[in-house]
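A short write-up of the structure that comes next.
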Amino acid sequence: MAELIPFDAREGHIWYNGEMVPWRDAKLHVLTHGLHYGSCVFEGERAYGGEVFKLTEHSQRLIDSGRILGFEVPYSAAELDRATREVIARNGLSDCYVRPVAWRGSEQMGVSAQKSRINVAIAAWEWGSYYSDLRLTRAKYDRPAPNTAPVKSKAAGLYMICTICKHEAESRGFGDALMLDYRGYVAESTGANIFMVIDGAIHTPIPDCFLDGLTRQTVIGLARDAGYEVIERHIKPEELKNAQEIFVTGTAAEITPVRAIDDLSYQQGPTTTRLMDDFRNLTRRVAKAAE
Ligand code: PMP
C-alpha cells in the first residue's frame, strides 16, 4: 500500500531551490528556523490531467503568504508555475497533489532571523479523495483573531491547532473538526471551507479570519452561474440545525458533502450534487485543455 511508505522514503524527484533533486535527497538540517519557529508557508494544489487547477493563483498565494510573514519568496509566480509543471512532468504524474513550501533556513537560530535564506521546494504525488463519509465535531480550538495571528497567510504555524483538533476529532470517531472563530461564529474545518444550504440559498461564513480558499471562490462562482443565491455572512453554530445540506470545499477536499456535525445528520442533497458535477466538469475542462 503506497499510503504506508513514509514521505521521506519515496521515489521520484523534488524541485529544491531551483534544482531537481532525487526525492530522498531533498533534506534540511535539524537546526532550521522554519522548523523551530514556524517561519514556513506552503500551498496545496491539485493537478487534473497534468495541469494544476488555478496554478498561478496558488503560486501567488505562496508569495503573498511569505510576505505576510515578512519574507520574500525568491522566485516569481511565473517561475514557480514553471517549476511546478517540471515536477509533475518529471515524476510522470497526471492527476496528483502538489505541495510547494517556503521556509527560513539555518543561518540564524533565534526569534530574529533577518538574514536567513528563504528556501523553496515543490513536491508532487498521487493522491485520491481527502475525505470519505465526512462527519464533523466541534473543535477544541477557535480560529484566531486577525490581530492575534497572520490569518491570511497559509502559514505552517496556523496548522498547529488544526492538527490538535483533527487528532482529537479522529480519536472520537469523527473525520474532522468544525472550528468556530474567535467570536464564536462558524469558521471552517481544519483544512477546508464550509457551506450550508438553507431553504434553497447557499450560506457561507465571511472569510475574515481564515483562508478565502480558491475552491471556495470557484464554488461561489459556479453556484451563482447556476442561479443560486450565495450569502456570505456570520453564521452562528445554532444555525447548523436549520441547514438541509452542508458541504466543505478545498483543494484536497474538492467538494465533500458533510454527513453529520456531532448529533446533527445531513444528506447529500441536490445542491451539493449539482455543484460537485459542475466542479468536476470545470476541472475536467482544465485537464482537457492541457492535453
Ligand atoms: N482552509 C484551510 C485551513 C485550508 O488548509 C484550506 C486548504 N488550503 C482551505 C481552507 C481551502 O483552500 P483552497 O480551496 O485554496 O485549497
Task: Mean residue ellipticity (222 nm) of the chain, computed from DSSP H runs ≥ 4 via -39,500 (n - 2.57), nearest 500 - done: -8500 deg cm²/dmol
- [ ] Any chance you could tell me what percent of the C-alpha pair distances in the stretch 134-288 go past 29 Å?
- [x] 13 percent
TODO: Calculate, for Glu229 and Ala89, the FRET efficiency according to 1/(1 + (r/R0)^6) with r their C-beta to C-beta distance and R0 35 Å; round to the nearest 0.05.
DONE: 0.25
Task: FRET efficiency for Ala149 and Arg117, using Cβ-Cβ distance with R0 set to 22 Å, rounded to 0.05 - done: 0.35
Open item on the list: For a quick check: sort Phe7, Phe247, Phe210, Phe195 by the number of other beta carbons within 10 angstrom, fewest at the front.
Closed with: Phe7, Phe210, Phe195, Phe247
Task: Against the rule of thumb 2.2 N^0.38 Å, how large the Cα Rg of the stretch 1-125 comes out - done: 1.05
Open item on the list: Using C-alpha positions alone, give me the convex hull volume of the chain per residue in cubic angstrom.
Closed with: 134 Å³
- [ ] Go through Lys152/Lys236; Lys54/Lys152; Lys27/Lys115; Lys54/Lys140 and tell me which ones have a Cα-Cα distance over 29 Å in this structure.
- [x] Lys54/Lys140
Open item on the list: Taking 2.2 N^0.38 Å as the expected size of a compact globular protein, what ratio does the Cα radius of gyration of the stretch 125-165 give against it, to two decimals?
Closed with: 1.47
- [ ] Pull out the extension gain between Asn17 and Gln217, defined as 0.36 nm times the separation in residues minus the alpha carbon to alpha carbon distance; nm, one decimal.
- [x] 68.9 nm
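Rule-based calculations on the coordinates, nothing more; no lab input. Bear in mind the structure is a predicted one, so any value in this text is a computation, not a measurement. Ideal geometry is used to build each Cβ from the backbone, glycine not excepted, and the neighbour counts take in all protein chains shown.
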